[in-house]
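So the structure is just underneath, and the comments pick up after that.
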Amino acid sequence: AQTVTQSQPEMSVQEAETVTLSCTYDTSENNYYLFWYKQPPSRQMILVIRQEAYKQQNATENRFSVNFQKAAKSFSLKISDSQLGDTAMYFCAFMISSNFGNEKLTFGTGTRLTIIP
Amino acid sequence: NAGVMQNPRHLVRRRGQEARLRCSPMKGHSHVYWYRQLPEEGLKFMVYLQKENIIDESGMPKERFSAEFPKEGPSILRIQQVVRGDSAAYFCASSPEQGAGQPQHFGDGTRLSIL
């Protein structure tokens, strides 16, 4: 079974600063996918970024980037130039790559990020 | 907006009643997943369906819970004889048929409250 650990229950940072959210996971699989989802106070689940385990290059999406360390089973999210709208719960999630193609997501417990004006 | 549609947004039931939660996937998506989020916790997988098939129900409680995704119409998550512990947010997600590791797109959730 796969597990995802987010060791920072809460974080806060000043607007315009950079913040890094940590995530580690445990799996015996070699092929898998990792995701970060954002859940703002509206409670929607919004995809932030996706990483394929077989790609060494770290994924980036505008102000969001990841530091994927496969050997260490670490998948941290960096938010640059943080904005008030980044205030949300952030969930790290894991998906096995199977022959079937689509699989369930295993989520961490989340990090509550507050951006301070 | 052709996103994942869930209804109702809020559902209140008394103990012992039945709750029916509906989910229409994004256009072109044929895979549906249900997750449950208890207060102040992460999402937990419940069930994965394709049209007329349950693919993985390993996260579904053995009793009182059932799910379906008929050939026509939305996916339904059904909870019979609800108890206080069923109070949670229930999220539906969908993904397209082709391609491994496709991101799942989530609906806004149904918040179920049991009186």
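Read-outs throughout are calculated quantities, based only on the coordinates presented, and are distinct from any laboratory measurement. Because the structure is a prediction, the values reported are computed rather than measured. Backbone-built Cβ (ideal geometry, glycine too); neighbour counts: all protein chains shown.
In the stretch B:75-102, which residue that is crowded, with 18+ Cβ neighbours inside 10 Å and either free of Cβ contacts under 8 Å to residues at least 40 places away in the same chain or part of a loop (DSSP other than H, G, I, E, B) (or both) is nearest to the other protein chains (Cβ to nearest Cβ)? Among those residues, the one meeting the criterion is B:Gly101.
Can you tell me which residue within the stretch A:1-31, out of those that are assigned to a strand (DSSP E or B) and among the hydrophobic types (A, V, I, L, M, F, W, C), is nearest to the chain's Cα centre (by Cα)? Among residues in the stretch A:1-31 that are assigned to a strand (DSSP E or B) and among the hydrophobic types (A, V, I, L, M, F, W, C), the one nearest to the chain's Cα centre (by Cα) is A:Leu21.
Among the listed residues A:Leu34, A:Leu77, A:Leu113, identify the single one that is of a type outside the set (Val, Ile, Thr), over 10 Å from the mean Cα position of the chain (by Cα), more than 9 Å from every other protein chain (Cβ to nearest Cβ) and in a strand (DSSP E or B).
Result: A:Leu113 is the single residue among A:Leu34, A:Leu77, A:Leu113 that is of a type outside the set (Val, Ile, Thr), over 10 Å from the mean Cα position of the chain (by Cα), more than 9 Å from every other protein chain (Cβ to nearest Cβ) and in a strand (DSSP E or B).
The set of residues in the stretch B:106-115 that are part of a strand (DSSP E or B) and surrounded by 19 or more Cβ atoms within 10 Å (Cβ to Cβ) comprises B:Phe106, B:Thr110, B:Leu112, B:Ile114.
Scanning the stretch A:86-96 finds one or more residues that are more than 14 Å from chain B (Cβ to nearest Cβ) and either farther than 25 Å from B:Glu40 by Cβ or assigned to a loop (DSSP other than H, G, I, E, B) (or both).
Among the numbered conditions (1) among the charged types (D, E, K, R); (2) loosely packed, with under 14 Cβ neighbours inside 10 Å; (3) farther than 22 Å from A:Glu15 by Cβ, the only one that A:Lys73 does not meet is (2). I'd like to know if the stretch A:42-50 contains one or more residues that are out of contact with any Cys (no Cβ under 7 Å at 6 or more places or on another chain) and on the phi > 0 side of the Ramachandran plot. Yes. Scanning the stretch B:47-74 for residues that are under 12 Å from the mean Cα position of the chain (by Cα), assigned to a strand (DSSP E or B) and more than 17 Å from A:Met95 (Cβ to Cβ) yields B:Phe65, B:Ser66, B:Ala67, B:Glu68. Any residue at all in the stretch B:56-68 that's facing chain A (nearest Cβ under 8 Å), under 18 Å from B:Pro25 (Cβ atoms) and buried (at least 16 other Cβ atoms within 10 Å of the Cβ)? Yes; the residues of the stretch B:56-68 include at least one that is facing chain A (nearest Cβ under 8 Å), under 18 Å from B:Pro25 (Cβ atoms) and buried (at least 16 other Cβ atoms within 10 Å of the Cβ).
The number of residues in the stretch A:53-73 that are free of Cβ contacts under 8 Å to residues at least 40 places away in the same chain and either assigned to a strand (DSSP E or B) or in contact with a helix residue (DSSP H, G or I) (Cβ under 6 Å, 6 or more places away or on another chain) (or both) comes to 7. Which one of these does B:Gly28 not meet: (1) touching a Pro at 6+ places or on another chain (Cβ under 8 Å); (2) more than 29 Å from A:Thr5 (Cβ to Cβ); (3) surrounded by 15 or more Cβ atoms within 10 Å (Cβ to Cβ)? The one condition B:Gly28 does not meet is (3).
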